[in-house]
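Trainee: Take a look at this one; I'll ask things after.
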Amino acid sequence: MAKAIEAYVNELRETRLWRSVFRSGTGATNLHRALAVQQNIFLHLFSVKMRRAALQFSVTWYLGTLSLATFLILVSTGIPLMLYYHPSVPQAYADMKDLQFVVSAGVFLRNLHRWSAHAMVLLVFAHMFKVFYRGAYRAPREFNWVIGVVLLIVTLFLSYTGYLLPWDQLAYWAITVGSNIMSAVPLLGQKMRFLMLGGNSVNANALLRFYVLHCVILPLAAILFIGVHFWRIRKDGGLYTGEGKTHE
Amino acid sequence: MPEEKKPDINCTRRETFVKLGLGSLAVAGVGALVSGSEFLSPNVLYEPSPITNAGKPERYPQGSVTADTKTGIYIVHGPEGFYALSAVCTHLGCLTTWAPEQNRIACPCHGSKFSVEGGKIEGPAPRPLPWLRVWLSDEGDLMVDRSTTIPARQFLRT
């Protein structure tokens with residue numbers, strides 16, 4: 001059975017259709033494997049080769065990959081949630097309750113979205129600490145550390161903007177308190193708060209602005225910087241595997 | 001016909017066009033930045049009016065503290081007259097509550113405490129609760145303006 005499937009897949013990979021999509025060929029040589037990565041728009045961000053040591057659990061604890069995994073879960077659960085959620089004052093709370101009690105699988109998607117959001121913040125912090133304590137931020141990887149800091153801030157803002165969307169008491173007062181903390185910034189604070197909320201208080205404009213930030217602007221920023229972050233791993237000589245091991 | 005004089009410039013035609021192009025891009029960029037930031041700042045706000053009609057003063061018996069959670073104000077009928085306090089905590093903007101058994105105003109968020117005249121008893125609030133402008137309308141209604149603060153201890157006597 002397994003042999004038959006393998007033969008079928010191999011046959012499939014020789015077809016003209018398959019070859020028109022994946023042009024690197026089907027050989028099992030290093031060249032073919034390298035081409036398969038290099039000629040794929042998604043995979044070409046990564047190195048075509050990596051050190052065996054970099055794949056060990058102890059090197060990274062896979063925290064970066066796990067952060068990406070939670071981000072992908074958040075995107076794929078967030079988009080379906082958008083189909084039932086209206087970012088308006090009279091409807092937002094009721095829509096959230098509908099997702100919990102009326103929509104089929106709504107409670108699953110909402111809870112998965114919420115738990116993944118918590119997990120992502122946790123994992124991103126863990127990833128940062130791991131990189132810091134192993135010294136993986138040092139030259140030539142300093143710039144990728146900076147990109148990582150940007151991604152941490154984007155993650156926290158995604159978390160913060162998402163917090164308002166249920167439009168319950170917890171959300172309302174959390175954003176009231178948070179936006180008042182922002183207004184403590186010298187000189188610009190009041191103006192920043194006004195622009196973020198689109199008014200003087202947490203109201204309809206604030207809900208809409210947070211929705212747009214949460215669903216469009218911040219995810220796009222995250223995807224952009226994640227792309228740069230991964231590409232820089234390759235450009236900076238692969239994952240940091242420890243002192244003296246980077247050039248083995 | 002006099003001999004054509006070469007204009008005294010020290011840049012080529014190409015450089016001139018590059019400068020012109022970059023210059024107009026810069027002007028357009030600044031314009032987009034200014035109008036973009038103007039766009040982000042709403043010109044009309046559909047927020048509730050800061051002026052509240054609190055009804056007839058007789059509604060508030062002597063010695064009463066009445067919280068209006070909708071507008072975030074206290075209307076107090078003290079021994080020296082009426083006054084209105086903002087119920088919004090000066091720390092981070094939470095809505096405070098009147099605790100009659102302790103004779104004080106308390107914030108549920110971070111534990112700030114205020115006296116019935118708005119004075120700060122306990123932090124983290126940095127300032128006392130502000131006094132708001134109160135007056136009687138022509139119809140004899142008690143009016144409060146949440147956007148205008150007045151110095152403390154200015155009572156309205158009816």
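The values are calculated or read from the model by the stated rules, or taken from the named source; none is laboratory data. Predicted, not measured: the structure shown is a model, and the values here were computed from it. Positions of Cβ are backbone-derived with ideal geometry, glycine not excepted, and every protein chain shown enters the neighbour counts.
Trainee: If a residue has to be in contact with an Asp or Glu (Cβ under 7 Å, 6 or more places away or on another chain) and over 12 Å from A:TYR240 (Cβ atoms) to count, how many in the range A:127-145 make the cut?
Mentor: 0
Trainee: Looking at (1) more than 14 Å from chain A (Cβ to nearest Cβ); (2) surrounded by fewer than 10 Cβ atoms within 10 Å (Cβ to Cβ); (3) closer than 23 Å to A:MET192 by Cα, which is the only condition B:GLY29 fails?
Mentor: Here B:GLY29 meets the rest and fails (2).
Trainee: Something else about it: Pick from the range B:82-118 the residues that are exposed (fewer than 15 other Cβ atoms within 10 Å of the Cβ) and in contact with a Lys or Arg (Cβ under 9 Å, 6 or more places away or on another chain): which of them is nearest to the other protein chains (Cβ to nearest Cβ)?
Mentor: B:ALA99
Trainee: Specify the residue that is modelled with the highest pLDDT; the eligible residues are those in the range B:64-83 that are under 13 Å from B:VAL134 (Cβ atoms) and touching a Gly at 6+ places or on another chain (Cβ under 8 Å).
Mentor: B:HIS77
Trainee: Hey, another quick one. With (1) within 30 Å of B:THR158 (Cβ to Cβ); (2) without any contact (Cβ under 8 Å) to a residue 40 or more places away in the chain; (3) of a type in the set (Val, Ile, Thr) as the list, and B:VAL65 as the residue in question, which single condition is left unmet?
Mentor: Only one criterion in (1) within 30 Å of B:THR158 (Cβ to Cβ); (2) without any contact (Cβ under 8 Å) to a residue 40 or more places away in the chain; (3) of a type in the set (Val, Ile, Thr) is unmet by B:VAL65, namely (2).
Trainee: Being surrounded by fewer than 19 Cβ atoms within 10 Å (Cβ to Cβ) and touching a residue at least 24 places away in the same chain (Cβ under 8 Å) is true for just one of A:ILE79, A:ILE73. Which residue is that?
Mentor: The match here is A:ILE73.
Trainee: Are there helices (runs of 4 or more DSSP H) fully within the range A:47-130 with at least 3 residues that are hydrophobic (A, V, I, L, M, F, W, C), touching a strand residue (DSSP E or B) at 6+ places or on another chain (Cβ under 7 Å) and farther than 26 Å from A:VAL216 by Cβ? List them.
Mentor: Fully inside the range A:47-130 and qualifying: nothing.
Trainee: Another question, then. Among the listed residues B:ILE51, B:ILE75, which satisfies the condition of being more than 29 Å from A:LEU195 (Cα to Cα), of a type in the set (Val, Ile, Thr) and away from every other protein chain (no Cβ under 14 Å)?
Mentor: The unique qualifying residue is B:ILE75.
This table checks each residue for (1) within 30 Å of B:LEU142 (Cβ to Cβ); (2) touching a Cys at 6+ places or on another chain (Cβ under 9 Å); (3) basic (Lys, Arg).
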site: B:GLY29; (1), (2), (3): no, no, no
site: B:ALA32; (1), (2), (3): no, no, no
site: B:SER35; (1), (2), (3): no, no, no
site: B:ALA67; (1), (2), (3): yes, no, no
site: B:ILE73; (1), (2), (3): yes, no, no
site: B:LEU85; (1), (2), (3): yes, no, no
site: B:GLU101; (1), (2), (3): yes, no, no
site: B:CYS109; (1), (2), (3): yes, yes, no
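Trainee: For B:GLU47, state whether it is surrounded by fewer than 15 Cβ atoms within 10 Å (Cβ to Cβ), in contact with a Gly (Cβ under 8 Å, 6 or more places away or on another chain) and at pLDDT below 90.
Mentor: When the stated conditions are applied, B:GLU47 passes them.
Trainee: While we're looking at this one, here's another question. Report whether or not B:LEU25 is under 30 Å from A:ARG209 (Cβ atoms) and either aliphatic (A, V, I, L, M) or part of a helix (DSSP H, G or I) (or both).
Mentor: yes
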